[in-house]
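Notes to accompany the following structure.
The values are calculated or read from the model by the stated rules, or taken from the named source; none is laboratory data. Computed from a predicted model, the values in this text were never measured in an experiment. We place every Cβ from the backbone using ideal geometry, glycine too, and count neighbours over all the protein chains shown. Ligands, DNA and RNA are excluded from the accessible area calculation, which covers all protein heavy atoms including side chains. Shrake-Rupley method; radii C 1.70, N 1.55, O 1.52, S 1.80 Å.
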Amino acid sequence: MWTTVRISNNTVLITGGATGIGFALAEKFTSLGNKVVICGRRENKLSEAKAKLPGIEAIRCNIANSGDREMLYDRISAEFPETNLLVNNAGIQRRIDFTKGMEDLLNNEDEIDINLKAQVHLSALFVPFLMKKESAAIINVSSGLGFVPLSMFPVYSATKAALHSFSISLRHQLRNTRVKVFEIVPPTVHDTELKGNPIEKADWSLSAKEVADATLNGIESDSYEIGIGASSAWLSASKDERDKIFSSINH
Ligand SMILES: NC(=O)c1ccc[n+]([C@@H]2O[C@H](COP(=O)([O-])OP(=O)(O)OC[C@H]3O[C@@H](n4cnc5c(N)ncnc54)[C@H](OP(=O)(O)O)[C@@H]3O)[C@@H](O)[C@H]2O)c1
């Protein structure tokens with residue numbers, strides 16, 4: 001039943017595709033001859049992305065809202081019915097200090113809604129639609145921090161660990177369908193907006209373009225858990241090794 005997902009002639013929906021890794025993926029997919037649809041909340045960022053990549057389509061959408069997620073599915077299935085790849089890329093990252101009780105937790109957006117609930121809901125909306133395609137895939141963008149948490153980002157790290165677990169179960173449930181489930185595990189990426197970036201380039205950090213290149217290589221080679229850069233070792237580390245990494249990154 002499963003055939004390798006082709007890397008051209010697809011129609012790809014990329015959530016959060018106007019900036020950072022999502023935009024680098026949009027560029028890469030476009031350069032390979034795919035139709036790309038992006039979504040995000042900021043109209044100006046969607047317009048900038050469209051100006052840089054003529055031919056892409058953009059849908060304004062806040063994936064934190066279930067109504068917006070349903071609208072996104074309705075518009076994609078009506079306007080771009082040939083869509084066969086869903087990239088669950090949109091995400092946010094927050095510093096939360098639990099010694100402050102509720103103060104930090106409630107003063108901003110909910111990472112669980114944006115980084116986990118949305119991916120789960122979009123999967124439920126899109127799986128039956130994707131199952132009708134000749135070849136299809138869901139590509140979830142998790143993080144090395146899903147394997148070794150950074151305690152200053154406690155909820156972020158937890159959502160990425162949960163997205164890893166969800167991707168394993170979804171992949172298994174869909175094993176007899178044509179829908180493949182990939183997980184992209186980037187390390188620190190220095191040229192995105194996630195942390196109010198660009199952050200300073202470090203030895204272990206990569207560019208969004210490097211992540212996009214590795215993603216397409218992984219898809220082409222049927223690698224379902226795509227560890228990239230430093231995250232490759234984190235992905236396959238033993239409990240002892242992960243404990244050591246945890247101590248080295250949490251001071
Ligand atoms: N940068 C890193 O070091 C790193 C490392 C590992 C994994 N990742 C993951 O990579 C993914 C992309 O992040 P990035 O680093 O490329 O950061 P980014 O440049 O901030 O990209 C995130 C994108 O998601 C969109 N977005 C956020 N909340 C949204 C919402 N509620 N509804 C719709 N769109 C939303 C943002 O656009 P709007 O604000 O306009 O909506 C933005 O375009 C995330 O899942 C992140 O966790 C990043």
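If only residues of region 216-247 that are closer than 15 Å to THR188 by Cα and of a type in the set (S, T, N, Q) are counted, the one that is surrounded by the fewest Cβ atoms within 10 Å (Cβ to Cβ) is SER232.
Scanning region 17-26 for residues that are open to solvent by less than 20 Å² (accessible area, probe 1.4 Å), out of contact with any Leu (no Cβ under 8 Å at 6 or more places or on another chain) and near the ligand (Cβ under 6 Å from one of its atoms) turns up just one, GLY22. Residue count for region 126-146, restricted to those that are buried (at least 16 other Cβ atoms within 10 Å of the Cβ) and more than 17 Å from the chain's Cα centre (by Cα): 4.
Just for region 165-189: of the residues that are in a loop (DSSP other than H, G, I, E, B) and open to solvent by less than 50 Å² (accessible area, probe 1.4 Å), which one is farthest from the ligand (Cβ to nearest atom)? The selected residue is THR177. Listed by first and then second residue, the pairs with beta-carbon distance under 9 Å, at least 6 apart or on different chains, first residue in region 106-129 and under 15 Å from ALA162 (Cβ atoms) and of a type outside the set (A, V, I, L, M), second open to solvent by 60 Å² or more (accessible area, probe 1.4 Å) and in a loop (DSSP other than H, G, I, E, B), are ASP113/ASN65; LYS117/ASP110.
Restricting the search to region 190-215, which residues are open to solvent by 10 Å² or more (accessible area, probe 1.4 Å), hydrophobic (A, V, I, L, M, F, W, C) and either touching a residue at least 60 places away in the same chain (Cβ under 8 Å) or in a loop (DSSP other than H, G, I, E, B) (or both)? Scanning region 190-215 gives LEU194, ILE199, ALA202, TRP204. In this entry, ALA58 is excluded by the filter for residues that are more than 8 Å from the ligand (Cβ to nearest atom), more than 26 Å from ARG175 (Cα to Cα) and in a helix (DSSP H, G or I).
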